[in-house]
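Data first, discussion second: the structure below is written as structure tokens.
The values are calculated or read from the model by the stated rules, or taken from the named source; none is laboratory data. Computed from a predicted structure; not experimentally measured. Neighbour counts are summed over all protein chains in view; Cβ atoms, including those assigned to glycine, are modelled from backbone coordinates with ideal geometry. Each accessible area value is taken on the protein alone, full model and side chains, heavy atoms only, with ligands, DNA and RNA left out. Shrake-Rupley method; radii C 1.70, N 1.55, O 1.52, S 1.80 Å.
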Amino acid sequence: MTAKRKRVLVANDDGIFSPGIKALGLALAEVADVVVVAPDVEQSAVGHGITIRRPLRFKHTASAGFGNVPAYRVDGTPADCVVLGYHLLGQPDLVVSGINIGPNLGDDLTHSGTVAAAIEGMALGVPSIAFSQQSGADGEYNFAAGAAFAANLALKVLERGLPRRTLLNVNFPHGDAKGVRVTRVGEHRWEDSIVTRIDPEGREYHWVAGTSRAEDAHDLETDYGAVQAGYVSVTPVRLDLTARDLLREVEGYVPDLA
């Protein structure tokens, strides 16, 4: 008797027409029953936003190029896509997000829509993985190797599961990877700067820009260091925001209500 194929929900933040999600969805369709639910337009860096003050549109989109894989677009955030896919199409066995155009390393996890889709899957009790890809010096991307790796890793997670409130954040280097490293979240961050200009009507407008910084850039045990050195980085991420080591200390100075 043939084992029943598992169900995988694929989302992203770059939009349903991104080549990254197409490569990922088609690779996963070789090993599982896949449904794609993605934003209708790019939603990069929106974080874990959920739309609650307007209705959402959920539309089948054959023109996205997924062939026989059902694909739907949503006029909302990556997290919205996972919520709608979960409730409208049936509970999946795995949520996969990506492959993102650009890496998600260090502090990027706090604002990444790609990672947010995986967080929403995890919050719904479904094992979840986020995948992102570093670009080459020419700004080009080749998602084939990453998509193949993603399908193999998805099979492992479908077989073994993941601990509660834990997801995997995976980043691919540009070019041929030297290998795979299991890493911790590094200290990569963006130092913000504001660029102020004047529009044709004489009014100010502002761009938020930033410079990439990572003090641990050469540490191969971090996600940033591993990817910079040419390795695939796989980081187990646990969503536990409590600083448990400070509970007693804070108890010692919090005043009473008297």
- Residue separation between H218 and D138 times 0.36 nm, minus their alpha-carbon distance, gives in nm 26.5 nm
- Normalised contact order of the chain, rounded percent, pairs of Cα under 8 Å and 6 or more residues apart: 17
- Query: So if R0 is 30 Å, what FRET efficiency would D75 and R197 give, r being the distance between their Cβ atoms, rounded to the nearest 0.05?
  - Reply: 0.50
- Item | Where the Cα pairs of segment 94-246 fall when distances are cut into 5 Å bins, in % | 2, 9, 16, 20, 19, 13, 8, 5, 4, 2, 1, 0, 0
- Note on the structure: One finds, for H111 and K4 with R0 = 25 angstrom and r their Cβ-Cβ distance, a FRET efficiency to the nearest 0.05 of 0.10
- 11 Å reach of a label modelled at A145, 7 Å along Cα-to-Cβ, counting backbone N of segment 89-106: none
- Item | Eligible lysines near K59 by straight Cα distance, threshold 25 Å, same-chain separation 8 or greater | K6, K22
- Item | Å² of accessible area per residue within the chain, as computed with a 1.4 Å probe and no ligands counted | 55
- Message: Run the helix sum for the chain: -39,500 (n - 2.57) per DSSP H stretch of 4+ residues, divided by residue count, reported at 222 nm to the nearest 500 deg cm²/dmol.
- Response: -7500 deg cm²/dmol
- Item | Scaled radius of gyration (Cα, divided by 2.2 N^0.38 Å) that the chain gives | 1.08
- Item | Point-to-point label distance, S63-D176, nm (Cα→Cβ direction, 7 Å offset) | 4.0
- Query: Round to a whole number: what % of the accessible area of the chain belongs to carbon and sulfur, probe 1.4 Å?
  - Reply: 51
- Item | Global geometry of segment 1-115, whether rounded, prolate or oblate, following the gyration tensor of its Cα atoms and the 1.5 cut on a/c | prolate
- Note on the structure: Once both label points are put 7 Å beyond Cα along the C-beta direction, the I52-A123 separation in nm becomes 1.0
- Item | Full-extension gain in nm, A258 to N152, via 0.36 nm per residue minus C-alpha separation | 32.2 nm
